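Shown next, in structure tokens, is the structure this report addresses.
Throughout, read-outs are computed from the coordinates displayed, never taken from laboratory work. Nothing here was measured: the structure is a model prediction, and the numbers come from that model. Note: ideal-geometry Cβ built from the backbone for every residue, glycine included; neighbour counts use all protein chains shown.
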Amino acid sequence: MRIAILGGGNGAHACAAHLALKGHQVNMFELPQFESNIEAVIERGGIEISGSVISGFAKLNKVTTNIAEAIDDVELIMQVVPAFGHRKFAETCIPYLKDGQYVVLNPGNGSSLEWYKILKDSAVKKDVKIAETHSLTYACRLQNPGHVQVNHACPKVWFAAMPSKDTSEMLALFKELYPSAVAAKNVLEAFFLNGNPIHHPTGTILNAGRIEYVYGHLQGNLYKTGTDFYMYREGLTPSVVRVAEALDEERLAICRALDLSEITTIEKLYEDGFSVTPDGKPYPNLYEAYHSEVFCGPHASKGPTSLKSRYITEDIPYGLVTWASIGEMLGIKTPTMHALIHLASILNKTDYWKEGRTAEKLGITHMTIDQLKKYLEMGEE
């Protein structure tokens, strides 16, 4: 398959390398202002990938900052960037789309709604279909420029098109790349199955002092200790996890109102392969699930190292803000979501309600529940 990967971070490197080694023709694109992210890939003509999933040097077809060149003649365009970059990539990409192309946001965070709205509002009228995954298909980290380590591939990827009437067609194509992909009811179901807005903001905000102390984000680096912080191992203590559990209850209440799957975070972590007991079962509670071998074992990821981490700058404005605003639209109270959004705004001196992707920005606040369900299924008619 001819594929264009949009992005230059951890996930984009992992997707490009893995799919290229599986025999697909892969182009890689990064915005010109972030060309430094792919300089090593340009120089070497490909990406080194290591870890338990797949290893080797993946030669790419094209590596470029020219969007027209990157997506010309490809069948699938896969955007693999943090949610705060989705709109910029959409606006960059849309003028050069061609009839019959497919766009997958991996992951989506509900951004397929935004892509769909931008496309419909633009002067570009192309027969292009859009979908998203519930989560990034890998757990991965760049080790050095042009070298990504992948120690986990998501064993079950929820997938939905916007509108969902296109899901079957797009899923058939996507399963050629990721056979474990399954259909979600609609893009909101996929979005509400992303666990990152539950654990990332909770573990980061409630360990703000520890993060600043360890990594020296104070005057003159006076307090830099030279050690590291492991959020899951150290930061998700029983009392902190109770906050995550409260968030999960609010998320499930919104899912219930929209007739979406009510899968708990414990169940989702098990399904994603992150939290599986030695005998192959889900953990009995969220605290134990967060202290699994994947999260806390020898390959545990360090950090976050800053309060400006994507654990806040992505998962608050493009996670909890969106969820909470949809809750408000439905008349569902989300006090824990509101509390974390408020604290994050204070910590980073940023109005995340203003910056974030609200239901209003997605153009759905005027809809009743029935109208929203129809829109998610059929799109604009």
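Can you pull the one-decimal nm distance between simple spin-label points at T92 and N66, each 7 Å off the Cα toward Cβ?
Label-label distance for T92 and N66, simple model: 1.5 nm.
Anything over 29 Å Cα to Cα? Flag those among K175/K361; K125/K308; K98/K175, in the order listed.
K175/K361; K125/K308
Once fully extended, how much extra length lies between T227 and E381, figured as 0.36 nm per residue of separation less the alpha-carbon to alpha-carbon distance?
49.8 nm is the gain from fully extending T227 to E381.
(i) 1.08; (ii) 2.20; (iii) 0.95: which one is Cα Rg over 2.2 N^0.38 Å as calculated from this entry?
Given (i) 1.08; (ii) 2.20; (iii) 0.95, the structure-derived one carries the label (iii).
For the chain, what does -39500 (n - 2.57) per DSSP helix run (n ≥ 4), summed and divided by total residues, give at 222 nm, in deg cm²/dmol to the nearest 500?
About -11000 deg cm²/dmol.
How do the peptides 96-107, 14-25 rank, highest first, by the average count of neighbouring beta carbon atoms within 10 Å per residue?
14-25, 96-107
Past the 20 Å Cα-Cα mark, which pairs from K126/K374; K22/K62; K59/K126? Present the calculation step by step, with values, prior to reporting the outcome.
Details: K126/K374 22 Å; K22/K62 16 Å; K59/K126 31 Å.
From the list (K126/K374; K22/K62; K59/K126), the Cα-Cα distance tops 20 Å for K126/K374; K59/K126.
In region 196-378, what is the volume of the convex hull around the alpha carbon atoms, normalised per residue and reported in Å³?
120
How would region 149-192 be classified by its alpha-carbon gyration tensor: rounded, prolate or oblate, with rounded meaning a/c under 1.5 and the a/b versus b/c comparison settling the rest?
oblate
I'd like to compare 182-188, 335-341, 370-376: which one has the highest average count of other Cβ atoms within 10 Å, and what's the full order after that?
Final packing ranking: 182-188, 335-341, 370-376.
Using alpha carbons only, how many angstrom separate the centre of region 293-362 from the centre of region 365-381?
About 25 Å separates the Cα centre of region 293-362 from the one of region 365-381.
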